[in-house]
Every structure is written in C-alpha cells, then in structure tokens.
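The values are calculated or read from the model by the stated rules, or taken from the named source; none is laboratory data. These numbers come from a predicted model, not from an experiment. Cβ atoms come from the backbone with ideal geometry, glycine included; neighbour counts cover every protein chain shown. Please note that ligands, DNA and RNA were not included when accessible areas were found on the heavy atoms of the full protein model with its side chains. Shrake-Rupley method; radii C 1.70, N 1.55, O 1.52, S 1.80 Å.
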Amino acid sequence: MSSTKLGKKVLSVTLATSTMIWLSGLTVAIPFVASAAPGNLVDGDIFHATGDVKVYVAKSVNGKYFKRWVVTPEVFNSYRHLKWENLKTVSRSDADMYAESKLVWVSGGDGRVWYINGPTKHYVASPDVMTLNHWDWDSIYTINTMEAGLY
C-alpha cells in the first residue's frame, strides 16, 4: 500500500472516530482546562514587571494578551477605577508575554483610532493601515479625554 493511501486511511479512521466520540457526548467527560493568563492577570489589572517602574494595564481578548503603558502618574490618577494599592508585580517573563499596544480611541470621541508614538499621536486613516502594519484590532484600548489631550 502506498504511503498516500495509508495516510488517507489513517485520516479517514481518525475523523470517523473523533466524530463518533463527539456525537456520543463522551467529550463532556473530558475535563476542560483553561489556561491562566501570564502572571495570573485578568483584563483591567494594573501591573509592572519585577524591577521595572513602568505600569501597564492588562487586556485579554480572544486568547491574546496586551499591555498598555500608563505614561504618567497624572494619567493613572485620571482613571478613577485604577488604584495604586491594586498594582500587581509579575515576573519579567510574564510581562513580556503581553504585546504592547500603542493603539487607542477616545471614550466618547468620534471613533477614530490613534497610534501613540512617544509624545505624539497619529491618526490611523484606514483599515488598510492596520493591515499594512500588522496591528491587531483587539489591541485597541479606550482612553479618556484627559489622556488624549497629552499627545
């Protein structure tokens, strides 16, 4: 028997078996294992890496993890729900598992997306710009008008 025919038979048997198991309901007996986010952070947690002074806000969307740097204490304090006593410390390796987001839109604004680069913000003119830069729509953070005015 050729390797192609053997491969097709193995695939066919595997698909048939997995379909029968799924239809029988036996998959309910398989425990669901949810993987914890790096550093055991949840969406909205504030954190910094061990030995780092930068404070970030964690975001998890569709199994992806993002972090947004809170650039000044004034910005931090402008978000009434953020509390310094809730600051968590995570390992450098856990912090590095969060992709840094520089994309924002302003709460109550016109819905435009901005790319923050240092002290300046740049309007993201179209979805094509997002695609060309390999930016993830899920990484967009909502910021308040006070922070938006800084850039």
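Considered as a group, the residues in segment 109-151 that are within 22 Å of residue 60 (Cα to Cα) and of a type in the set (Gly, Ala, Ser) include one that is modelled with the highest pLDDT, and that residue is 139.
Where helices (runs of 4 or more DSSP H) sit wholly within segment 65-135, those with at least 1 residues that are in contact with a Ser or Thr (Cβ under 7 Å, 6 or more places away or on another chain) and open to solvent by 40 Å² or more (accessible area, probe 1.4 Å) occupy 92-96.
Restricting segment 41-64 to residues that are outside any strand (DSSP E or B) and touching a residue at least 40 places away in the same chain (Cβ under 8 Å), which is surrounded by the most Cβ atoms within 10 Å (Cβ to Cβ)? Please lay out each step first, then the result.
Pass one, segment 41-64, residues outside any strand (DSSP E or B): 41-45, 50-54, 62-63.
Among the residues that remain, those that are also touching a residue at least 40 places away in the same chain (Cβ under 8 Å) are: 41, 45, 50-52, 62.
Details: 41: 24, 45: 20, 50: 11, 51: 8, 52: 13, 62: 6.
By that ranking, first place goes to 41.
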